[in-house]
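I have placed the structure first, in the form of structure tokens, so that the comments after it can refer back to it.
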Amino acid sequence: MTTRLYLQPGPYQQPKETASQSVKPDGTRELVDRYGRVARDLRVSLTDRCNLRCTYCMPAEGLEWLPTEQSLDDEEINRLIRIAVEKLGIRQIRFTGGEPLLRKNLESIIEATSRLRTDEGESVRTALTTNGLGLDRRIDALKKAGLHRVNISLDTIDAERYVALTRRDRLAGVLSSIEAAVAAGLDPVKINAVVMPGVNEVDIVPLAAFCLERGAQLRFIEQMPLGPRDQWKRTDMVTAAQILERLEERFDLTPAREPRGAAPAALWNATDREDPQITGTLGIIASVTHPFCGDCDRSRLTSDGTIRNCLFARTETPLRDLMRAGASDDELAAAWAGAMWEKKPGHGIDDEGFLQPDRPMSAIGG
């Protein structure tokens, strides 16, 4: 059986020439681009540092971390988040890194975010993307602070391959954190797995079974050109179609939703043929072979205070510098909206002239 890929992006509107429509009658703005997409989801990187050294993300010796004085402090982060929510229409915030659990005051930042109200009068939806190390010890405090959901990165449940991939012997800690997140009721607990050729293809089915048995939602991610340069090759990557073929060796799959909307993952309802009592949802994020740029609703704030309108953007807008020079909230909001207005129609990975971003993934934020 071949499962149909429900991954087509939405249509683009005709590009507009001015950003005047981003200003609403009450003086607030929307993060709209010239193709009509509106950003409602903000990714906030809290640090570029990480306690793993995943082979597809960074070299074994790590990277040159940002000096502390160049990173946003807690007050600056809270201010920019408030501006995003109150003046720019952001409704969801995901905290990322590097590894966001390395941010000492993470709970207080989430608590301050949770007190804000969106343009719809609702609480901001908060989420965390993490490698899981130490999450089990902080999960109760994070939930109390207002954390709604968590994504945990896990590319294999084989101890030897985990060490080879991450260059750290920490698998037990990640598995403990997954159990703790499920027990805490952060539903759904999402598990992110990057599939790499000749590295962890063999883990596709075991990972799926592991997550379904525990009530977690596994999402496979096509590897993207965001790690060490010259390591990624478009022709060598494991595609969404190939991942589905592997899954269908053991699971019955039916599409969970169509259309996908702005969500990055296409979802399937899965039943384990070896034990039909085990059911749940699996997802695939096909950023390369079936890009969803036409539905993208994200803006990104790096740990040193720049705005990126796309994960693969080649330009950034430095809000930190404006803020430290005395810019008002309205001036910062206008600069942010201007940055988003210039967003390109797509990430361009398949374009002949594609250039990998200057920053690696850990410095951009997931």
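The values are calculated or read from the model by the stated rules, or taken from the named source; none is laboratory data. Bear in mind the structure is a predicted one, so any value in this text is a computation, not a measurement. Here the Cβ positions follow ideal geometry from the backbone for every residue, glycine too, while neighbour counts run over all protein chains shown.
Worth a mention:
- When residues in the stretch 6-64 are screened for being part of a loop (DSSP other than H, G, I, E, B), among the polar types (S, T, N, Q) and modelled with pLDDT under 90, 6 of them pass.
- The stretch 169-187: number of residues that are out of contact with any Gly (no Cβ under 9 Å at 6 or more places or on another chain) and surrounded by fewer than 17 Cβ atoms within 10 Å (Cβ to Cβ): 5
- Counting only residues that are small (G, A, S) and crowded, with 18+ Cβ neighbours inside 10 Å, the stretch 214-224 holds 1 of them.
- Test: residue in the stretch 194-213 that is small (G, A, S), buried (at least 18 other Cβ atoms within 10 Å of the Cβ) and under 19 Å from R94 (Cβ atoms): no
- Number of the condition not met by G97 [criteria: (1) out of contact with any His (no Cβ under 9 Å at 6 or more places or on another chain); (2) modelled with pLDDT of 95 or more]: (2)
- Evaluating A313 against the criteria (1) more than 19 Å from E30 (Cα to Cα); (2) crowded, with 21+ Cβ neighbours inside 10 Å; (3) hydrophobic (A, V, I, L, M, F, W, C); (4) touching a residue at least 60 places away in the same chain (Cβ under 8 Å) leaves one unmet condition, (4).
- Verdict on L244 being over 27 Å from R49 (Cβ atoms), of a type outside the set (D, E, K, R) and either more than 22 Å from the chain's Cα centre (by Cα) or modelled with pLDDT of 90 or more (or both): yes
- Of all the numbered requirements in (1) aliphatic (A, V, I, L, M); (2) surrounded by fewer than 20 Cβ atoms within 10 Å (Cβ to Cβ); (3) at pLDDT 80 or above, V238 misses one, and that requirement is (2).
- Extreme residue, surrounded by the fewest Cβ atoms within 10 Å (Cβ to Cβ), among residues of the stretch 294-310 that are hydroxyl-bearing (S, T, Y) and either touching an Asp or Glu at 6+ places or on another chain (Cβ under 6 Å) or closer than 14 Å to A266 by Cα (or both): T306
- Scope the stretch 272-330; condition more than 23 Å from V194 (Cβ to Cβ), in a loop (DSSP other than H, G, I, E, B) and either touching a His at 6+ places or on another chain (Cβ under 7 Å) or acidic (D, E) (or both); matching residues: E274, D275, D304, E316
- Residue in the stretch 286-295 that is under 21 Å from V23 (Cα atoms), out of contact with any Leu (no Cβ under 7 Å at 6 or more places or on another chain) and of a type outside the set (D, E) present: no
- For first residues located in the stretch 59-82 and more than 20 Å from I307 (Cβ to Cβ) and in contact (Cβ under 8 Å) with a residue 60 or more places away in the chain, partners that are surrounded by fewer than 17 Cβ atoms within 10 Å (Cβ to Cβ) and among the aliphatic types (A, V, I, L, M) and lie 6+ apart or on another chain with Cβ distances below 6 Å do not occur.
- All conditions in (1) surrounded by 15 or more Cβ atoms within 10 Å (Cβ to Cβ); (2) within 19 Å of A216 (Cα to Cα); (3) out of contact with any Lys or Arg (no Cβ under 9 Å at 6 or more places or on another chain) hold for P291, with the sole exception of (2).
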